[in-house]
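Pasting in a structure now, in structure tokens, and then I'll have a few things to ask.
The values are calculated or read from the model by the stated rules, or taken from the named source; none is laboratory data. Everything numeric here is computed off the predicted structure, so don't read it as measured data. Please note: Cβ atoms are built from the backbone with ideal geometry, for glycine as well, and neighbour counts cover all protein chains shown.
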Amino acid sequence: MVIKVFKNFMTRIFANIFKKKEDIKLGFYGPPNAGKTSLANRICKDFTGEEIGKVSKIPHETRKVGFKEKVDIEYKGKTLTFKLIDTPGIATKIDYEEFLKYNMKKKDAKKRAKEATAGVIESIKWLDDMDVVVIVLDSTENPYNQVNITIIGNLVARNIPILIVANKTDLKNSDMKKIETAFPEYDVVGMSAKYGENLEEFYESIFKLIK
């Protein structure tokens, strides 16, 4: 009886010692329509053959946090397992009238605005669960604004590693330098999530952030 108890005890001890580390929680944050879901979809399709969410030209297409479990990303012979977390776009103000420009009915626009507001709150709540965060910014827009500063400030307060993606570099008015100048203390990777350009540098930067 004593031997059996001892064996069970040792089995539990060794199981805990060699237990696989939890999947790395990688979150995609940023303002609406910056390309968060496009980038998350690109990664998911490359390594799982599936997408994580729907994209649209209408702001706040993503209004709930989306997940993709067990995404094994391989880079230069090393493989890490991630839980990809696609979050709704962060905004300081969401007005239903913004959606009327896209020929949405007033009722639908108000519903979308309400859901988008709830999505922002959910995104912020999820910050505490992140291991690494990719901030996706539209490289055709001014990066130095209240939304981006707030996102980065929240991450810094939580000591969460940050990688900034300057997305949409395929567009003529893209200006990655503006993002690098606005946030010089962080690595900035220029890429086009839509066309999958410069993914190698993206993966290299992510693997460097994982300690």
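Which condition number in (1) closer than 18 Å to K36 by Cα; (2) polar (S, T, N, Q); (3) without any contact (Cβ under 8 Å) to a residue 40 or more places away in the chain; (4) in a loop (DSSP other than H, G, I, E, B) is the one that T62 fails?
Here T62 clears every test but (3).
All but one of (1) at pLDDT 90 or above; (2) in contact with a Phe, Trp or Tyr (Cβ under 9 Å, 6 or more places away or on another chain) hold for P59; which doesn't?
Failed condition: (1).
I've got another one for you. Between K57, K125, K25, which is under 24 Å from K194 (Cα atoms) and either in contact with a helix residue (DSSP H, G or I) (Cβ under 8 Å, 6 or more places away or on another chain) or part of a helix (DSSP H, G or I) (or both)?
Of K57, K125, K25, the one residue that is under 24 Å from K194 (Cα atoms) and either in contact with a helix residue (DSSP H, G or I) (Cβ under 8 Å, 6 or more places away or on another chain) or part of a helix (DSSP H, G or I) (or both) is K25.
Given E185, E201, E122, E115, which one is free of Cβ contacts under 8 Å to residues at least 12 places away in the same chain and surrounded by fewer than 17 Cβ atoms within 10 Å (Cβ to Cβ)?
Working: E201 fails: free of Cβ contacts under 8 Å to residues at least 12 places away in the same chain; E122 fails: free of Cβ contacts under 8 Å to residues at least 12 places away in the same chain; E115 fails: free of Cβ contacts under 8 Å to residues at least 12 places away in the same chain.
The conditions single out E185.
Any residue in the stretch 19-35 that is within 30 Å of A118 (Cβ to Cβ), at pLDDT 90 or above and among the polar types (S, T, N, Q)?
yes
Considering (1) of a type outside the set (S, T, Y); (2) at pLDDT below 90; (3) closer than 18 Å to M191 by Cα; (4) part of a strand (DSSP E or B), say which one F67 fails and leave the rest.
(3)
Report the residue count in the stretch 42-78 for those that are surrounded by fewer than 17 Cβ atoms within 10 Å (Cβ to Cβ) and of a type in the set (G, A, S).
Of the residues in that region, 3 qualify.
Residues in the stretch 76-109 that are part of a strand (DSSP E or B) and either more than 18 Å from A193 (Cα to Cα) or without any contact (Cβ under 8 Å) to a residue 60 or more places away in the chain (or both): how many? I'd like the intermediate steps shown before the answer.
Let us first name the residues in the stretch 76-109 that are part of a strand (DSSP E or B), namely 78-86.
Keeping just the survivors that are either more than 18 Å from A193 (Cα to Cα) or without any contact (Cβ under 8 Å) to a residue 60 or more places away in the chain (or both) gives 78-84, 86.
The number of residues fulfilling the criteria is 8.
State which residue is surrounded by the fewest Cβ atoms within 10 Å (Cβ to Cβ) when the search covers only the stretch 130-151 and only residues that are of a type in the set (A, V, I, L, M) and more than 22 Å from I43 (Cβ to Cβ).
I149
In the stretch 128-172, which residues are basic (K, R) and either assigned to a strand (DSSP E or B) or touching a residue at least 60 places away in the same chain (Cβ under 8 Å) (or both)? Walk me through it before giving the result.
Narrowing the stretch 128-172 to residues basic (K, R): 158, 168, 172.
K168, the sole residue that qualifies.
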